[in-house]
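The values are calculated or read from the model by the stated rules, or taken from the named source; none is laboratory data. Here the structure is a predicted model, which means the values were calculated and not measured. For neighbour counting, all protein chains shown are included, and Cβ atoms are generated from backbone atoms with ideal geometry for every residue, glycine included.
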Amino acid sequence: MKKSPLKRIYAVLFKRFGQQHWWPGDSPFEIAVGAILTQNTNWQNVSRAIANLKKARVLQPERLLRLSPARTAGLIRPSGYFRLKTKRLRNFLSVLSARYGNDPARMKKVPLAALRPELLSINGIGPETADSMLLYAFDKPVFVVDAYTRRILSRHRLIPESASYADIQAFFMKGLCPNVRLFNEFHALIVRLGKEYCLKNNPRCGLCPLKNEK
């Protein structure tokens with residue numbers, strides 16, 4: 001029986017790149033903060049912002065919420081759009097405080113079907129950010145779709161270029177068993193492929209593992 005395209009892609013990428021150990025973070029809360037800070041920037045910049053928060057000893061829900069917006073913005077400045085991200089971060093922190101007593105573990109216990117709409121209702125948190133939190137911070141079996149995912153699948157003609165976020169996510173959710181570890185690793189491998197081969201400009205198609213599998 002012919003292997004499904006998604007399972008083939010996963011097998012090829014895992015063979016080439018191995019385990020990615022993503023998302024880096026010492027706690028679910030740190031990962032959730034990182035998901036907000038990584039909007040429209042690269043991880044190196046986010047790492048610097050996270051390091052600032054740790055150095056200031058405010059990378060805890062209650063401490064970060066008590067911090068003034070100006071002070072927060074200064075600490076996360078390396079992540080870019082720091083004033084906007086301060087607002088989005090505080091919106092999330094307010095919900096975490098009011099509904100869960102500043103306890104990410106309580107939020108994690110909420111079923112996926114209820115938690116995803118709640119995260120999406122927070123101003124500044126869109127599908128990709130919400131799903132990153134759900135998968136990486138709260139261990140929910142939901143596939144994260146990003147620009148790399150869209151680019152790679154459309155270039156391999158597995159989805160139309162006009163496919164919506166929901167359409168692409170459904171492609172994965174229907175084609176794979178719902179498994180947190182699988183979704184985590186698969187998304188990380190897609191990001192690795194996108195960064196090294198399936199570039200936005202001047203893609204390295206001739207060297208792409210998906211076209212040169214053995």
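Just to be sure before I move on: is ASN102 assigned to a loop (DSSP other than H, G, I, E, B) and within 21 Å of LYS140 (Cβ to Cβ) in the structure I sent? Reasoning before the result, please.
Working: assigned to a loop (DSSP other than H, G, I, E, B): yes; within 21 Å of LYS140 (Cβ to Cβ): yes.
Yes, satisfied.
The set of residues in region 28-48 being in contact with a Lys or Arg (Cβ under 8 Å, 6 or more places away or on another chain) and crowded, with 22+ Cβ neighbours inside 10 Å consists of ILE36, LEU37. Limited to region 22-50, what total is found for residues that are within 12 Å of the chain's Cα centre (by Cα) and part of a helix (DSSP H, G or I)? Total satisfying the criteria: 8.
Identify the residue in region 108-140 that is buried (at least 18 other Cβ atoms within 10 Å of the Cβ) and hydroxyl-bearing (Ser, Thr, Tyr) and, among all such residues, is farthest from TRP22 (Cα to Cα). Among them, the one singled out is THR129. So is TYR136 closer than 26 Å to TYR81 by Cα and in contact with a Pro (Cβ under 9 Å, 6 or more places away or on another chain) or not? When the stated conditions are applied, TYR136 passes them. Quick check on my filter: what residues within region 1-21 are in a loop (DSSP other than H, G, I, E, B), modelled with pLDDT of 95 or more and farther than 23 Å from LYS140 by Cβ? GLY18 - this is the single residue of region 1-21 that is in a loop (DSSP other than H, G, I, E, B), modelled with pLDDT of 95 or more and farther than 23 Å from LYS140 by Cβ. Could you check region 51-77 and list, in sequence order, the residues that are part of a helix (DSSP H, G or I), among the aliphatic types (A, V, I, L, M) and touching a residue at least 24 places away in the same chain (Cβ under 8 Å)? Selection gives LEU64, LEU65, LEU75.
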